[in-house]
Amino acid sequence: MLHHERLRPPSHDYPADEWNVIEKTFHPEFLAQSETMSALGNGYLGMRGCPEEGGPNAENGTFINGFYETRPIVYGEEAYGFAKTGQTICNVTGSKIIKLFVDDEPFWLPNARLLKYDRRLNMKSGTLDREILWETPAGKQVSITSRRLISFANRHVAAISYCVTLLNAQAFVVISSEMATNEASAGDSGGDPRLARALPGRVLHPRASYSKDRRIVLCHATESSRFTLTCATDTALESSSPHSCKVVHTADFGQVAFTIDAQPGCPLELTKYLVYHTSQTVSAEELCGRAEWTLDRVVTQGFRQLLASQQQYMDDFWRRSDVRIKDIREDRTKRSTVEIQQAIRFNLFHILQASARAEDTGVPAKGLTGQAYEGHYFWDTEIYLLPFLTYTSPRIARNLLAFRYKMLPQARARAKELDHRGAMFPWRTINGEEASAYYAAGTAQYHINADIMYALRKYVQATGDEAFLRDFGAEMLVETARLWLDLGFYSDAKGGKFCINGVTGPNEYNAVVNDNAYTNLMARENLRYATEVVESLRATELDAYNALVQKTALEPSEAKAWIHAAENMYVPYDEKLQIIPEDDNFLDKEPWDFRNTPADHYPLLLFYHPLNIYRKRVIKQADVILAMFLLGDVFSPESKKRNFDFYDPLTTGDSSLSSCVEAIIAAQIGDIDKAIRYGMAALLMDLADVGGNVKDGCHIASMGGTWMMLTYGFGGMRDDDGTLSFWPRRAPEDNAILRFPVTYRGQLLEVEIGLEKVEYALREGECLVIRHETEEVELTRENPLAVRTISRR
Ligand code: BGC
């Protein structure tokens, strides 16, 4: 049994459907999970999937990416350089509430008699759709259909269409469209460090509140981070039944209530437009003005137009990004294949929702589906998310890398504070400053610097965006290379090798160690790439080189020092086991007693003091195994197998970032059974609540990891040496074909892996050279197709 298979919490069972995640009954026991699953977002604005009626809910969250409040981090015992200021994403004004009363009876899901309930996250149209047939205690049947969207095309906009029809009788109906600020937010973290600490007191302070006709505008500001938020709604009702309307607003509340004498068979069609604008610089008045302009436009366009543009966006997204799995026997659609397809799309859709319009921000660990991890950005973005984005939506990938570049001043300041040269990116942050309150598993993860540079290299390689490299990337490379050179030293005790001590690798169960192999290998890449880029600029683009020298005070000798450190980098190796130890002491540690660890004592971090964990040989998440994936050409196939066999049994998978990577290496070494089991865990991390905490939000990194698992793992994609190549394996299901598109240097390639053969098709573009196993394959507009046999190794 693999570790993650020990204990599976109960989870909602969704019927198999290729394009929808469907709830056929209302399940109050899965309220929090369902809010996460059906959350909508566009990377700027996100809303948990609470019912329109405002409740019941576990956390009625609405989030704006990067909209946070700060608070001092209080330590029992201070030390120099500890992060001082916490940043927590705010639960902003909730505006999706639409309450319904029929003959004064409130429609309240938990006690309503439901003759029909169908709610679906529609991943094809990018909407949350619901159809309900409610019978009131007086026997009146009420059809309620609604459709909610958060626009990808206009990131400030969301909209809801809510239609009520009395089927068998007349009734007096009230539909109350509401908005509310400062509602009770995520509570205490209850000792789980992964959850957000509740911000004390009132977080959003009123700045303006007014109404015009059926429009309500509420404006608030945070006190210490000095953000301003305007939320404005406009509500319209179309009905031939007689009705009246009352509008009320206070500083924190707004309400447009329609009272209708509803005739049977006469639909009451309510449309609500929701607009959010935020800023750290402009005045409340200006922000309200901006929100009103946006509202004016979308009200004129109407819901239908918003829906059409959403559909267009989704069609384009799926064309570039859909990974398909299909049963080879056309006539028999296997349930499991449909389930896998559903899970794949669910993961990809949520990645889109987390990142599409993240334009001057990062991507929070939970996207905008929950407040856990406080809305912070981690290495999750660069290592787990950027591969998918780079190969399907390079523009989004560029935005995210550009956002890291914007953090460079704070990263330089942080390096200085810690007495380092160069720049030191924060382990977790929203505004660019380090916000990790536990340095051992936070700040000490220096590897994030190399991770960002790794993602940069992949991005440049796959897109050919040399301009980005020249204008922004090179500067980050110089500063991170300086950091590594400063951090490490040539150790006499290690034969003069370049060693990096006192860091934490990805395995957070092994903190502040010497020579973490992952860190050293990734730092080596960082140093090499920095050298290569600086030297190439000096040789070929003197102006750009001089500009770089201006910006960084680069000395001609620096690149030599970097490459010298890289070529002398110490990488631990154990001759006896012929493996790469995770760090210099890893093999000295006492093995963790897995046998006597109760199944319900995972994740270990919630049940054991860090010291108990740190002194043992136990792994939270793929560490050396991750290095084997990221730096594939550094390891021979035999060495991959030896290392995997050694590390896999020690890896708890207590972090959701693990299974996907384990699946990839298992696929690469030909252990298809394990690849499938790990792959399924990654794929179903949220849909089947494998980690037991989907209630707190989606695991966005794992979602990105599922794409890597399918393409790099089962699809055998490789890009280590700058050429796109494939050593296809198979689909993660018997008798199935796996098909996925890859955008490479502006051209669209589609790869279809069958049982025996693989088909490469150039769908867009002039000419693309790829490698199939060891053979070079040229695809052109004239000859866009190549079919090759898969060799079974
Ligand atoms: C993992 C980190 C990750 C963070 C946010 C932690 O549990 O150990 O690697 O960056 O979660 O997803």
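The values are calculated or read from the model by the stated rules, or taken from the named source; none is laboratory data. Note that the structure is predicted; figures quoted are calculated from it, not measured. A quick note on method: Cβ atoms are made from the backbone with ideal geometry, for glycine too, and the neighbour counts reach across all protein chains shown. These accessible areas exclude ligands, DNA and RNA; they are computed on the full protein's heavy atoms, side chains included. Shrake-Rupley method; radii C 1.70, N 1.55, O 1.52, S 1.80 Å.
Scanning the range 700-727 for residues that are over 25 Å from GLU775 (Cβ atoms) and in contact with a Phe, Trp or Tyr (Cβ under 6 Å, 6 or more places away or on another chain) gives ALA701, GLY704, GLY705, TRP707. Scanning the range 382-412 for residues that are touching a helix residue (DSSP H, G or I) at 6+ places or on another chain (Cβ under 6 Å) and free of Cβ contacts under 8 Å to residues at least 24 places away in the same chain returns no hits.
Considering the range 266-302 alone, what residues qualify as being touching a Cys at 6+ places or on another chain (Cβ under 7 Å) and assigned to a loop (DSSP other than H, G, I, E, B)? Scanning the range 266-302 gives a single hit, PRO267. Identify the residue in the range 699-743 that is in contact with a helix residue (DSSP H, G or I) (Cβ under 7 Å, 6 or more places away or on another chain) and small (Gly, Ala, Ser) and, among all such residues, is farthest from the ligand (Cβ to nearest atom). For the range 699-743, the residue satisfying everything is ALA736. Scanning the range 702-734 for residues that are open to solvent by 10 Å² or more (accessible area, probe 1.4 Å) and assigned to a strand (DSSP E or B) yields a single hit, ARG718.
Just to be sure, is ALA159 over 30 Å from PRO72 (Cα atoms) and away from the ligand (no atom under 16 Å from the Cβ)?
On the way: over 30 Å from PRO72 (Cα atoms): yes; away from the ligand (no atom under 16 Å from the Cβ): yes.
For ALA159, the condition - over 30 Å from PRO72 (Cα atoms) and away from the ligand (no atom under 16 Å from the Cβ) - is met.
Within the range 623-643, the set of residues being aromatic (Phe, Trp, Tyr) and either under 17 Å from ILE383 (Cα atoms) or surrounded by 24 or more Cβ atoms within 10 Å (Cβ to Cβ) (or both) comprises PHE629 only.
Only residues that are more than 10 Å from the ligand (Cβ to nearest atom), at positive phi and surrounded by fewer than 24 Cβ atoms within 10 Å (Cβ to Cβ) were counted in the range 341-373, giving 0. Taking the criterion of being small (Gly, Ala, Ser), more than 14 Å from the ligand (Cβ to nearest atom) and not in a helix (DSSP H, G or I), the only residue of the range 618-640 that qualifies is SER636. Can you confirm whether ARG48 is touching a Ser or Thr at 6+ places or on another chain (Cβ under 7 Å), in contact (Cβ under 8 Å) with a residue 12 or more places away in the chain and surrounded by fewer than 24 Cβ atoms within 10 Å (Cβ to Cβ)? Taking the combined requirement at face value, the residue does not satisfy it. Of the set (1) closer than 30 Å to THR480 by Cβ; (2) at pLDDT 95 or above, all apply to ASP360 but (2).
Quick one: would you say TRP379 is out of contact with any strand residue (DSSP E or B) (no Cβ under 8 Å at 6 or more places or on another chain), without any contact (Cβ under 8 Å) to a residue 60 or more places away in the chain and of a type in the set (Phe, Trp, Tyr)?
Numbers: out of contact with any strand residue (DSSP E or B) (no Cβ under 8 Å at 6 or more places or on another chain): yes; without any contact (Cβ under 8 Å) to a residue 60 or more places away in the chain: no; of a type in the set (Phe, Trp, Tyr): yes.
So TRP379 does not fit the description; no.
Counting only residues that are closer than 15 Å to PRO732 by Cβ, part of a loop (DSSP other than H, G, I, E, B) and either open to solvent by less than 20 Å² (accessible area, probe 1.4 Å) or within 16 Å of the ligand (Cβ to nearest atom) (or both), how many does the range 651-686 have? So the answer is 1. One residue alone among ALA736, ALA682, ALA761, ALA663 is in contact with a Pro (Cβ under 7 Å, 6 or more places away or on another chain) and not assigned by the TED database to the domain that holds THR392, and that residue is ALA761.
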